[in-house]
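What follows is calculated from the coordinates using simple rules that are stated; it is not laboratory data. Given the structure is predicted, the values throughout are model-derived calculations rather than measurements. FYI the Cβ positions are ideal-geometry reconstructions off the backbone, even for glycines, and counts take in every protein chain you see.
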Amino acid sequence: MDNHGSYKSLINIWILLMFLTVVTVGAAQFDFGAWNVPIALIIASVKAGVVALHFMHLKHEDGLTWVFASYPLFLLFLLIAFTVTDMFSRVVN
Amino acid sequence: MGFFDVTSKVLKSIAYPSEMVPSIDTEDDGHHHFDHETEHSGAKLGMWLFLATELLLFGGLFAAYAIYRAKYPDMFQHGSQSLNVVLGTVNTVILIFSSLTVAIAVKAIQENRIKLVKIMLWITIICAAIFAVNKYFEYSYKFNLGIFPGTDIFYSIYFAATGVHMLHVFIGMAVLGVLLRKVYKGKYSKDNYTAIEIGGLYWHLVDLIWIYLFPLLYLVG
């Protein structure tokens, strides 16, 4: 059975996540115009990746688990990308 | 593991399903059962599949957010600025900390440190309760101002997304509570911790969703 990492490494991951939370709030104090949302999403995705890899142990899981973890991201991409492109490519709204 | 390893593994499991059938312990009393290792990884895989459905549930809300934000940028700007960033930040810190305590609980049960498991699960449940109390204050503050889900589309999405998330916090509390009760009854050990690991995965998902909701609703104004 899997038994990876140590308590210390878990706490280090938590410190990293706290730092990224400061970055999240800090970045929101500046106006990047159209880049506001992409920047927020990139920081959030880094945090989500850290949580998935380390807290959820994805780093130590086998290939099949990776498939199960990543295919919904693809579906999510289809869902959002196609809805948005449909909405904004209509001639009559 | 590389992409091709994964692909070949998936294809192999489709082509030769019999190889995926776990070994059966024949020395037992005649009842067929899976060995612990297989049961453990099968249960975990099932949980990841369940988390996929959860992600798509929130995916619908994120799609609605993307469309209406692009359509009504001023409404979203105004709505976002009306939310309490301090409470939102505090709740973010609380949820991430509770993710840490759950991860420590999973680690601790693998080492049979039952007392540490109990402490960590208690802290996680208390964090969840504090999160809920903060959310209660946020909601009632908005209601007192006469702001409801029907006020405008921003608040519709805000209440729907945070409400469905809140429901997950309550379910997570219930799951962790049941696990904690069973820890007190001595049901888990380093040889039997699948339930705690799976419950932990669920709790991490609650954290993951909030990691996206917080900046999108509270910060990006």
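Starting from 0 in steps of 10 Å, tell me what percent of the Cα-Cα pairs of the protein assembly as shown lands in each bin.
Values per bin, smallest distances first: 5, 24, 31, 23, 12, 4, 1, 0.
How high is the FRET efficiency from residue A:31 to residue B:156, r the C-beta distance, R0 22 Å, rounded to 0.05?
0.30
Given labels modelled 7 Å from the Cα in the Cβ direction, how far is it in nm from residue B:36 to residue A:19?
Here the modelled spin labels are 3.8 nm apart.
My understanding is that a pair violates if its Cα-Cα distance is over 22 Å; which of A:59/B:135; A:47/B:187; B:118/B:190; A:8/B:182; A:47/B:71 do that in this structure? The partial results should precede the final answer.
Numbers: A:59/B:135 33 Å; A:47/B:187 33 Å; B:118/B:190 14 Å; A:8/B:182 27 Å; A:47/B:71 28 Å.
Long pairs (Cα-Cα over 22 Å): A:59/B:135; A:47/B:187; A:8/B:182; A:47/B:71.
Using a cut-off of 9 Å between beta-carbons, work out the net charge of the residues near residue B:194 (Lys and Arg +1, Asp and Glu -1, residue B:194 not included).
After counting each charged neighbour, the total is -1.
Provide B:116, B:121 in ascending order of the number of other Cβ atoms located within 10 Å of each residue's Cβ, fewest first.
Going from least to most buried by this count: B:116, B:121.
State, in angstrom, two size descriptors of chain A derived from its alpha carbons: Rg to one decimal place and Dmax to the nearest whole number.
Gyration radius and largest Cα-Cα distance of chain A: 17.7, 58 Å.
Net charge within 15 Å of residue A:13 by Cβ-Cβ distance, Lys/Arg positive one each and Asp/Glu negative one each, not counting residue A:13 itself?
Result for the neighbourhood of residue A:13: +3.
Sticking with the crude label model, points 7 Å out along Cα→Cβ, report the distance from residue B:56 to residue B:115 in nm, one decimal please.
Result for the modelled spin labels: 4.7 nm.
Which ³J(HN,Hα) values in Hz, rounded to whole numbers, follow from the phi angles of the stretch B:81-89 under the Karplus curve 6.51 cos²θ - 1.76 cosθ + 1.60, where θ = phi - 60° and Gly and Pro get x?
6, 7, 7, 7, 5, 5, 4, x, 5
Any idea how far the Cα center of the stretch B:162-221 sits from the one of the stretch A:23-62, in Å?
A separation of 20 Å, based on Cα centres.
Can you tell me the FRET efficiency between residue B:81 and residue B:43 if r is taken as the Cβ-Cβ distance and R0 is 41 Å, rounded to the nearest 0.05?
0.40
What would the Debye equation give as log₁₀ I(q)/I(0) for chain B at q = 0.07, 0.08, 0.17 Å⁻¹, counting only Cα atoms as equal point scatterers?
-0.31, -0.40, -1.17
At 7 Å along Cα-to-Cβ for each site, give me the label-to-label distance between residue B:130 and residue B:170 in nm.
2.2 nm
For the stretch B:37-123, state what percent of all Cα-Cα pairs lands in each successive 10 Å bin, counting from 0 Å until the bin that includes the largest distance.
14, 21, 33, 19, 11, 1
If only Cα atoms are counted, what is the Rg of the stretch B:104-221, and what is its Dmax, in Å?
Expressed in Å, the Cα Rg and Dmax of the stretch B:104-221 come to 17.2, 54.
Can you figure out the FRET efficiency of residue A:75 with residue B:191, using R₀ = 35 Å and their beta-carbon distance, to the nearest 0.05? Walk me through the numbers before you get to the answer.
Values: r = 36 Å, r/R0 = 1.03.
For R0 = 35 Å, the calculated efficiency reads 0.45.
Work through the residues other than residue B:131 whose Cβ is under 12 Å from its Cβ and net out their charges, Lys, Arg +1 and Asp, Glu -1.
On the way: positive: B:135; negative: B:138, B:207.
Result for the neighbourhood of residue B:131: -1.
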